Amino acid sequence: MIIDHIKISERYEDFHPSFKKAFNYIRNTDLYLKEPGRYELEGENLFILIQEYDTADYHEKFFETHRQYIDIQYIVSGFEMIGFGEKEDLTVQEPYRLDKDIEKYKPTERSQCRLNAGYYSIFYPGEAHMPGCTIPGKESCRVKKLVVKIKM
């Protein structure tokens, strides 16, 4: 897992052949004007999901892992907490679905990090994460997020 600000994303561009293209898209696209949906950059190998949602208490969320894709989750506007932890410490809620590349785990208190607009997180396959959580003690927040899906 990596968490950082988009201003210094260049330091991670060599971690995967598609990272440079993904970060260039984030830096050079007016994401405020992009409608929610899927945008393909390289078919199934590299695509973008634009999402808008209200954060929710972590009890209403779930941890997830992927097997085929790396996630880069970039906050366009708003803020959220994102939980992370070892999948071996979690209880499976829904078994792996190949068609969605997701395995879901029951929510539980784990390490968390606040992501504000301009920040992103990177999760490699097998790294458990629980995005979209309301910051403890705060009201739910409207979030616009870009998720880059990069096939391994």
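FYI, it's all coordinate maths here, none of it is from the lab. Fair warning: this is a prediction, and the values are worked out from it, not measured in the lab. In this analysis, Cβ positions are derived from the backbone assuming ideal geometry, glycine residues included, and neighbour counts consider all displayed protein chains.
What's the ranking of 104-113, 59-68 by average number of surrounding C-beta atoms within 10 Å, highest first?
On the way: 104-113: 15.1, 59-68: 17.2.
Taking the mean over residues of other Cβ atoms within 10 Å, the ranking is 59-68, 104-113.
Hey, can you grab everything whose amide H is under 5 Å from the amide H of LYS104? Only 5+ residues off in sequence or another chain; H modelled, so Pro and N-termini drop out.
When sequence neighbours closer than 5 places are left aside, the close amide H contacts are GLN93, GLU94.
Kindly provide the pair-distance distribution of the range 2-151 built from C-alpha pairs, with 10 Å bins from 0 and whole-percent values in order of increasing distance.
11, 42, 38, 9, 0
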